[in-house]
Amino acid sequence: MNRTPFSDIPIIHSELLSRYPEIRFAMSSRIGGVSSEPYGMNLSFHVGDHQENVRRNREFFLGKLNIKVDQLANPQQVHGDTVRRVRKPGIYESCDALISNTHEVYLVVSIADCLPIFLFDPETKSIAAVHAGWRGSELRILSKVIEAMKNEFGTKAQNLIAYIGPAAGVCCYEVGQEVARLFSKKYLNQTTMNKIHLDLKLMNKDLLREFDIPESHIEVSEECTICNSIMFHSYRRDGQRSGRMMALIGLRAGEIK
Ligand SMILES: [Zn+2]
């Protein structure tokens, strides 16, 4: 094959977020990269991949976006509900959500199946990046993020623009009874095989609706990380050797025309 590892790495965008020139949002996929299979375009240092390969993958993804590694705010995700405010780049310990109104600092979510959720308040020019799997969703981390944006930035929830990105879909996301019982029946689909599938995208969309965020302000990706094995890493599908995608959001500096 002639293709170079980085000849064609797709960048995933949000149609809704891309309407706002004051912010930048982008997400990687698993296509390309220098890591061996199944890692491919893996952007996480913490999943058993070679560090040098991850560094090269990251350099390429960020280079394509013209963002530097030292502009990232990386949460050390723990499937909890802690929200931290970001004023400078760096590592943010033990948290699954970052909020900020600082320009040119990019809030990161590392993903394979869990929901990456991004918020932008065009009035106060503030942003949030959220990592929500079943644990975080059950803890209603998204609601806590909105409350934190109200407290820190004076955000009015109805103004928020929200993007729920590619994640494990209800088509594939099977859970056991012990997880299913934590959620309302509304979010559980019983399959013909008598398995239970959990709809975390709908559950988190409902959390946004509780704050009276209009439907026109919400975009939910239809993409499922488990069944689209070409495009996405999936922990559920690939297990311990699963890579991670990176999604990031940041406020651009300077005058916006
Ligand atoms: Zn699926």
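Dipole size in debye (nearest 20) for the chain around its Cα centre, Lys and Arg Cβ +1, Asp and Glu Cβ -1?
Dipole of the chain, to the nearest 20 debye: 240 debye.
List the equivalent ellipsoid semi-axes of the stretch 139-257 in whole Å, largest first, each obtained as the square root of 5λ for an eigenvalue λ of the Cα gyration tensor.
Each semi-axis is √(5λ); the values are 29, 20, 13 Å.
Find how much the distance from I11 to Q71 grows on full extension, using 0.36 nm per residue of separation minus their present alpha carbon separation; answer in nm with one decimal.
Additional length available on full extension: 19.7 nm.
Could you size up the charge dipole of the stretch 37-169 around its Cα centre, putting +1 on the beta carbon of Lys and Arg and -1 on that of Asp and Glu, and report it in debye to the nearest 20?
I would put it at about 340 debye.
Considering all alpha-carbon pairs of the chain, what whole percent are spaced by more than 33 angstrom?
Value for the chain (Cα pairs over 33 Å): 16 percent.
Counting DSSP beta bridges with both partners in the chain, what percentage is antiparallel, nearest 5?
70 percent
State the extension gain, in nm to one decimal, for the chain segment bounded by I230 and T192, taking 0.36 nm per residue of separation less the distance between their alpha-carbons.
11.0 nm
Restricting to DSSP loop positions (anything but H, G, I, E, B) with no more than 10 other Cβ atoms inside 10 Å of their own Cβ, which GluC sites (Glu not before Pro) remain in the stretch 192-257?
Hits after loop and neighbour filter: E222, E255.
If the elastic network links every pair of Cα atoms under 10 Å, which of M246, M231, M193 fluctuates the most in the Gaussian network model of the chain?
M193
When only Cα pairs under 8 Å and 6 or more residues apart are kept, what is the percent relative contact order across the chain?
25 percent
Would you calculate the separation in nanometres between label points at Q240 and E215, each defined as 7 Å from the Cα along the Cα-to-beta-carbon direction?
Result: 4.7 nm between the two label points.
Output the DSSP H helices from the chain with an along-axis C-alpha extent of no less than 24 Å and a mean Kyte-Doolittle hydropathy no less than 0.5.
none
Please list 55-66, 93-104 highest first by mean number of surrounding beta-carbon atoms within 10 Å per residue.
93-104, 55-66
Ranked from highest to lowest mean number of other Cβ atoms within 10 Å per residue, what is the order of the peptides 232-240, 160-168?
160-168, 232-240
At 222 nm, what value in deg cm²/dmol follows for the chain if DSSP H runs of at least 4 each add -39500 (n - 2.57) and the sum is divided by all its residues, to the nearest 500?
-5500 deg cm²/dmol
For the stretch 165-232, what's the radius of gyration and Dmax over Cα atoms, in angstrom?
13.1, 37
Treat the stretch 145-199 as a sphere of radius equal to its Kirkwood radius over Cα pairs and apply Stokes-Einstein at 10 °C in a medium of 1.306 mPa s; give the translational diffusion coefficient in µm²/s, rounded to a whole number.
116 µm²/s
Lysine pairs in the chain with Cα distance under 18 Å, only those 8 or more apart or on different chains: how many are there?
Qualifying lysine pairs in the chain: 15.
By per-residue mean of other Cβ atoms within 10 Å, what is the highest-first order of 109-116, 23-30, 35-42?
Going by the mean number of other Cβ atoms within 10 Å, highest first, we get 109-116, 23-30, 35-42.
Lys/Arg Cβ at +1, Asp/Glu Cβ at -1, dipole of the chain taken about the Cα centre: which of L207, N57, H131 is farthest positive-ward?
N57
Could you pull the Cα extents of the stretch 25-110 along its three principal axes, largest to smallest, in whole Å?
The Cα atoms of the stretch 25-110 stretch 35, 28, 19 Å along their principal axes.
Read the figures in this text as sums done on the coordinates, not as results from a lab. Just so you know, these numbers come straight off a predicted model, no measurement behind them. A quick note on method: Cβ atoms are made from the backbone with ideal geometry, for glycine too, and the neighbour counts reach across all protein chains shown.
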